[in-house]
Amino acid sequence: MQRRELLKTAGLSLAASTLGPATVLAQAPAGRAPREVLLLIEKSSHCISHYDIASGERLHTIALPPFPHEFVVDAAQRYAYVGHYGVETSGHPGPGGTSVLQIDLATRTLARTIDLAPFNRLHGIQMDQSGRLYVLSEDRAQLAVLDRPETDTAVRRAVPVGGIKSHLFALTRDGQTAYAMNLLTHSVTQFRPHDAAFTPVACVPGDKPEGNVLSADERTLYVTCRWSNTLCAIDTATMKVVRSAPARNDPTRIYRCRDGRLLVSHYGDRSLSIVDPATLAEQAHIPMDARPIAVSLHPTRPWAFVSQDNDRVGIFHLESRRFERFIATQREPDVSYMLQG
């Protein structure tokens, strides 16, 4: 991704917290609400960290190889799987990384490194409802699958996604269908991770499609086109654009809130937008002091955790449409996920 946004360069050596290895996910005492912890990639500090959401305190840091990026957490919140992208942004040259980093969330340690070579520049990463892990090689434009990621030591299957420079992807809950965002072919391709005989179906919604999210019924794929400055709704049955609307400058990511509304981050415009999923019309525009990099949503509260390029995570209230407070982070906070301990 062509953005300074994500985490910049720094050494691998990081001072970890002095907290003991079991504090973050320890059981809360009876009668006390569980501690809410934000798991956060800090790309240019080359690490993943735990932050106490209530206090903003950094609880622990796990050093990782240079430029980790996207990650996913399994349903049991036992492991996080981090793709080793290995370059600063999609615009930077280089072979990048070839491994998935398995994080033990109970002990807050790097449990092991899974070598996926020759698959490299590992970026998009997802899990299906059966617990299978899917990892996208941006350089090879191929999706690698691990059926049992907690123990697999190698890729179980792989398929081409049908584009070039495949950066991110959406995945149906059953893992049978996926949609790749291909930066150089400017295409969105539908493909079948478990059916190599299926020919990918391409749609060209605009220039540089990147942000993506499926509707709750998986019948619509919402996509942001960064160079066209548009939002698109694609019918997943026909792979045709059924709605398109103008966006603000550089719509980078799109997220689906629990009530169905869409939250769009604009890197160039330094803002967020709340969007009607039926019409793609903007319902609210929230200017920011810094560029939004990535967003995650609280599972029950109306909060969005917005990683920003000024080394802060903003806690944004979706109803009041205001930032309530900010958490200071290390260099270039990126993808996040809320854990409950």
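Filter segment 76-92 for residues that are closer than 11 Å to Gln102 by Cα and either among the hydrophobic types (A, V, I, L, M, F, W, C) or out of contact with any Leu (no Cβ under 8 Å at 6 or more places or on another chain) (or both) and give the result.
Ala80, Val82, listed by residue number.
Just name the residue that is nearest to the chain's Cα centre (by Cα) out of those in segment 31-75 that are over 17 Å from Asp309 (Cα atoms) and charged (D, E, K, R).
Applying the filter and picking the extreme gives Asp74.
Under the condition of being acidic (Asp, Glu) and in contact (Cβ under 8 Å) with a residue 60 or more places away in the chain, which residue from segment 41-73 is farthest from Tyr134 (Cα to Cα)?
Glu42
Can you tell which of Val145, Val188, Val155 is in contact with a Phe, Trp or Tyr (Cβ under 9 Å, 6 or more places away or on another chain) and over 23 Å from Leu64 (Cα atoms)?
Val188
Take the residues of segment 130-153 that are of a type in the set (A, V, I, L, M, F, W, C) and within 15 Å of Phe191 (Cα to Cα): which is surrounded by the fewest Cβ atoms within 10 Å (Cβ to Cβ)?
Val145
Could you check how many residues of segment 303-337 are among the acidic types (Asp, Glu) and within 19 Å of Gly268 (Cα to Cα)?
Count: 4.
Check off (1) touching a residue at least 24 places away in the same chain (Cβ under 8 Å); (2) more than 18 Å from the chain's Cα centre (by Cα); (3) within 17 Å of Ser166 (Cβ to Cβ) for Arg248 and give me the number that stays unchecked.
Unmet for Arg248, out of (1) touching a residue at least 24 places away in the same chain (Cβ under 8 Å); (2) more than 18 Å from the chain's Cα centre (by Cα); (3) within 17 Å of Ser166 (Cβ to Cβ): (3).
Please find, among Ala284, Ala304, Ala278, the residue that is under 28 Å from Gln340 (Cβ atoms) and small (Gly, Ala, Ser).
Ala304
Pull out all pairs, ordered by first then second residue, where Cβ-Cβ is under 8 Å, the residues are six or more apart or on different chains, the first lies in segment 288-299 and is over 13 Å from Asp334 (Cα atoms), and the second is among the basic types (Lys, Arg) and in a strand (DSSP E or B).
Ala290/Arg312
From the list Asp276, Asp309, exactly one residue is acidic (Asp, Glu), touching a strand residue (DSSP E or B) at 6+ places or on another chain (Cβ under 8 Å) and more than 26 Å from Ile234 (Cβ to Cβ). Which is it?
Asp309
Quick one: would you say Gly175 is surrounded by 18 or more Cβ atoms within 10 Å (Cβ to Cβ), within 22 Å of Pro93 (Cβ to Cβ) and touching a residue at least 24 places away in the same chain (Cβ under 8 Å)?
Answer is no for this residue.
Of the residues Gly162, Gly211, Gly206, which single one is of a type outside the set (S, T, N, Q), within 25 Å of Pro68 (Cβ to Cβ) and either without any contact (Cβ under 8 Å) to a residue 60 or more places away in the chain or surrounded by fewer than 19 Cβ atoms within 10 Å (Cβ to Cβ) (or both)?
Of Gly162, Gly211, Gly206, the one residue that is of a type outside the set (S, T, N, Q), within 25 Å of Pro68 (Cβ to Cβ) and either without any contact (Cβ under 8 Å) to a residue 60 or more places away in the chain or surrounded by fewer than 19 Cβ atoms within 10 Å (Cβ to Cβ) (or both) is Gly211.
Being outside any loop (DSSP other than H, G, I, E, B) and among the hydrophobic types (A, V, I, L, M, F, W, C) is the filter; apply it to segment 207-221 and report the residue that is nearest to Asn249 (Cα to Cα).
Val213
Is it fair to say Thr98 is surrounded by fewer than 22 Cβ atoms within 10 Å (Cβ to Cβ), touching a residue at least 40 places away in the same chain (Cβ under 8 Å) and in contact with a Leu (Cβ under 7 Å, 6 or more places away or on another chain)?
no
Could you tell me whether Leu168 is under 23 Å from Arg226 (Cα atoms) and touching an Asp or Glu at 6+ places or on another chain (Cβ under 9 Å)?
Yes; evaluated as a whole, the condition is true for this residue.
Can you tell me which residue within segment 178-190, out of those that are hydrophobic (A, V, I, L, M, F, W, C) and surrounded by 23 or more Cβ atoms within 10 Å (Cβ to Cβ), is nearest to Ala76 (Cα to Cα)?
Ala178
What is the one condition in (1) charged (D, E, K, R); (2) in a loop (DSSP other than H, G, I, E, B); (3) more than 22 Å from Leu297 (Cβ to Cβ); (4) modelled with pLDDT of 95 or more that Arg173 does not satisfy?
Going through the list (1) charged (D, E, K, R); (2) in a loop (DSSP other than H, G, I, E, B); (3) more than 22 Å from Leu297 (Cβ to Cβ); (4) modelled with pLDDT of 95 or more, Arg173 breaks only (3).
The values are calculated or read from the model by the stated rules, or taken from the named source; none is laboratory data. As the structure is a prediction and not an experimental result, all values here were calculated from the model. So basically every Cβ, Gly included, is an ideal-geometry build from the backbone, and we count neighbours across all protein chains shown.
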